[in-house]
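The values are calculated or read from the model by the stated rules, or taken from the named source; none is laboratory data. Only a predicted model underlies this, so the values are computations on that prediction, with no experimental measurement involved. No Cβ is skipped: glycine too gets one built from the backbone with ideal geometry, and neighbour counts run over all protein chains shown.
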Amino acid sequence: MTLDELEVKCKNCTACGLCEGRTNLVFGIGKKDADIMLIGEGPGENEDLQGQPFVGRSGQLLDKFLASVDLSRDKNVYIANMVKCRPPKNRDPKPEEQDECIKWLREQFKIIKPKIVVCVEFQRKGLLTKISELQSSMANLLIKTVHCLWVHITLPQF
């Protein structure tokens, strides 16, 4: 299966209910065979409107970080989210929504086969999100067949 085929299937998913409030599916963007994959928790308002991950102010900051080490979503990085639809009012994705949606991220991971996975975390109201749980979950499920380095960073929430 290709990423394009997987995206078509994901657009039709109604498993968690987040699809009901979305403007656009935010599946992922970047080089489809990238060695580096960045994973966020879920789309915000700007991402929902544009259908791409990390396009708001935090995304602009992320792009500057990437450029400083000669990386870009256009040429050598793939960026995706744990959930593909915006949670209402930009709330954190609920555990049951994460559980339903993680299958899409797992399949993206299997297709891309990254060598480095960067889990991008936000701070909201002083609390760290649950992206590290995703890291542990994916490591247990996926690293059995694909060896890669996991990195964890925190960006400010604007």
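Return yes when VAL151 is surrounded by 17 or more Cβ atoms within 10 Å (Cβ to Cβ), modelled with pLDDT under 90 and within 25 Å of ASP63 (Cα to Cα) and no when it is not.
The answer is no for VAL151.
Condition test on ASP35, is it touching a residue at least 40 places away in the same chain (Cβ under 8 Å) and of a type in the set (D, E, K, R)?
It is true that ASP35 is touching a residue at least 40 places away in the same chain (Cβ under 8 Å) and of a type in the set (D, E, K, R).
So in the stretch 49-96, with the set limited to residues that are in contact with a Cys (Cβ under 8 Å, 6 or more places away or on another chain) and crowded, with 20+ Cβ neighbours inside 10 Å, which one is modelled with the lowest pLDDT?
Taking the candidates together, the pick is PRO93.
Going through the stretch 14-38 one residue at a time, which ones are buried (at least 16 other Cβ atoms within 10 Å of the Cβ) and farther than 14 Å from CYS85 by Cα?
Passing the criteria: ILE29, GLY30, LYS31, ALA34, ILE36, MET37, LEU38.
Which pairs do you get when a residue that is free of Cβ contacts under 8 Å to residues at least 12 places away in the same chain, found in the stretch 43-70, comes within reach of a residue that is hydroxyl-bearing (Ser, Thr, Tyr), reach meaning Cβ atoms under 7 angstrom, with the pair 6+ apart or on two chains?
LEU66/SER72
Could you check, for the stretch 73-85, whether at least one of its residues is out of contact with any Lys or Arg (no Cβ under 7 Å at 6 or more places or on another chain), under 19 Å from LYS9 (Cα atoms), without any contact (Cβ under 8 Å) to a residue 60 or more places away in the chain and hydrophobic (A, V, I, L, M, F, W, C)?
Taking every residue of the stretch 73-85 in turn, at least one turns out to be out of contact with any Lys or Arg (no Cβ under 7 Å at 6 or more places or on another chain), under 19 Å from LYS9 (Cα atoms), without any contact (Cβ under 8 Å) to a residue 60 or more places away in the chain and hydrophobic (A, V, I, L, M, F, W, C).
Within the stretch 31-61, track down each residue that is of a type outside the set (Gly, Ala, Ser) and in a loop (DSSP other than H, G, I, E, B).
Within the stretch 31-61, LYS31, LYS32, ASP33, ASP35, GLU41, PRO43, GLN52, PRO53, PHE54, VAL55 meet the criteria.
Whether any residue in the stretch 17-30 is in contact (Cβ under 8 Å) with a residue 24 or more places away in the chain, out of contact with any Ser or Thr (no Cβ under 9 Å at 6 or more places or on another chain), under 17 Å from VAL118 (Cβ atoms) and assigned to a helix (DSSP H, G or I) is what I want to check.
No: the stretch 17-30 contains no residue that is in contact (Cβ under 8 Å) with a residue 24 or more places away in the chain, out of contact with any Ser or Thr (no Cβ under 9 Å at 6 or more places or on another chain), under 17 Å from VAL118 (Cβ atoms) and assigned to a helix (DSSP H, G or I).
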